[in-house]
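The values are calculated or read from the model by the stated rules, or taken from the named source; none is laboratory data. Just so we're clear, the structure is a prediction, and the values are computed from it rather than from any experiment. Each accessible area value is taken on the protein alone, full model and side chains, heavy atoms only, with ligands, DNA and RNA left out. Shrake-Rupley method; radii C 1.70, N 1.55, O 1.52, S 1.80 Å.
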Amino acid sequence: MNRTLKRVLGLSGSVVLGLAGAVAFASGAQAHHPEIQGITECTPDGGWTVVWQVKDWDSDNGAVGTITEILTDTDFNEGTEIVVGASLPAYDSGDYLEGSQNFSADVDLASITIKGAWNNGFPGERSVTVSAPEGGCTEEPPAEPEPEYEFGGGSDCVGVYVWADNYNPDALAEFTFAPSNGDAVTYTPEVDEGFYEYFYVDSAEEGLSVDIFVGEELVDTIEWYDNELCSYIAVESDCDGLTITLTVPADGEETYFEVYKDGDELAEPYTLAPGETQVVEIPAADEEFWVWYYIETPKDATGGELYWAPCDEETPSPSGTPSAQPQLPTTGSSMTIMIGSAAALIVAAAAIFLIMRRRRAAQDW
């Protein structure tokens with residue numbers, strides 16, 4: 001073989017070997033890359049967001065990749081895990097690095113390029129582009145404000161009281177109190193105004209229940225029950241004031257009583273043993289007044305209100321006509337309670353709750 005041909009063949013072999021080495025290196029470098037997925041969704045303001053999820057490529061060579069450079073169209077939102085220096089989670093680990101970006105409605109595409117280096121000496125990179133959500137994004141109308149409210153009720157010896165309060169001035173709830181006998185009452189109270197009603201029991205045999213509605217939804221029912229403790233107190237009213245007789249039956253248990261005149265700072269406590277009686281005189285005054293009572297045994301408790309007005313005055317009812325003074329429902333009890341207008345009873349019911357709660361707090365203390 002002549003020398004020229006040998007030189008040509010030698011040169012050709014060097015080129016082939018060089019190309020093979022280059023292909024081998026390129027193949028290894030191309031294989032090493034981050035896996036990137038972009039998930040898009042609309043935002044309430046009419047724009048959209050993309051959540052990037054990044055992990056290592058699918059390989060069993062055991063090499064670990066680290067992010068060396070990130071190229072994006074805009075900054076990541078706060079709290080992103082996609083940062084330079086972060087290690088790429090293994091492909092089959094179920095984990096990934098996550099970061100999100102926000103875009104306005106006039107942006108159609110979002111792109112990202114992530115470069116990395118592996119501890120086996122190979123570098124690699126991957127670029128991904130995603131489109132805005134299909135169909136585009138529109139601004140969502142603001143959510144309608146929701147009502148915030150509270151309601152409740154209870155019963156005493158005379159009837160059932162119910163109440164409701166609104167707390168959100170931008171969304172006031174309408175309440176309806178519907179008694180089992182009588183007309184329903186509907187009202188939409190302003191914040192801090194409150195809605196209170198008192199419903200009398202006409203007959204213990206028929207009983208009484210009051211349904212509470214918010215809008216058209218039934219949310220609670222308050223039942224009246226015939227509490228035997230109502231027989232522990234008897235009241236007489238005349239021009240000289242109120243005479244209140246507290247009695248514990250001989251077969252009863254030690255009983256705690258409170259008698260509290262409207263305007264007094266402290267309730268007058270009495271503790272009576274079975275068979276004992278205590279008479280409490282509340283003298284007449286120049287103006288009408290209320291006296292609250294509270295009765296508690298180891299097994300039960302109740303409370304109520306007593307009304308007195310001067311003999312030369314007529315207490316007007318809410319309609320403007322003189323108010324009748326209903327009696328306690330006939331239950332076999334000896335108690336008769338004089339009560340005033342329905343409006344005053346509403347206030348009284350709320351005060352009873354405060355007295356009972358103060359008594360409970362004092363016991364706990």
How large is the accessible surface per residue of region 165-235, computed with a 1.4 Å probe and reported in Å² as a whole number?
-> 52 Å²
If you stretched the chain out fully between Glu190 and Asp226, how much longer would it get, using 0.36 nm times the residue separation minus the C-alpha to C-alpha distance?
-> 9.6 nm
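Work out, step by step, the length gained on full extension between Val64 and Glu206: first 0.36 nm times the residue separation, then minus their alpha carbon distance; give nm to one decimal.
Details: separation 142, 0.36 × 142 = 51.12 nm, distance 8.12 nm.
Once the chain is fully extended between Val64 and Glu206, it gains 43.0 nm.
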Any residue on another chain or 5+ positions along whose placed amide H is under 5 Å from the amide H of Asp156 is listed here as Tyr161
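Of the accessible area of region 95-148, with the probe set at 1.4 angstrom, what percent is carbon plus sulfur?
Values: 1630 of 3480 Å².
Carbon-and-sulfur percentage of accessible area, whole number: 47.
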As straight-line cross-link partners of Lys115, the qualifying aspartates and glutamates (C-alpha separation under 13 Å, not fewer than 8 residues apart within one chain) are Glu35, Asp56, Glu69, Glu125
Once the piece of chain linking Thr245 and Ala284 is laid out straight, how much longer is it, given 0.36 nm per residue of separation minus the C-alpha distance between them?
-> 12.4 nm
Tally up the carbon and sulfur contribution to the accessible surface of region 225-302 as a whole percent, 1.4 Å probe, everything protein left in place.
-> 43 percent
How many angstrom lie between the C-alpha centres of region 202-279 and region 56-106?
-> 71 Å
Å² per residue, accessible surface of region 58-144 at 1.4 Å | 63 Å²
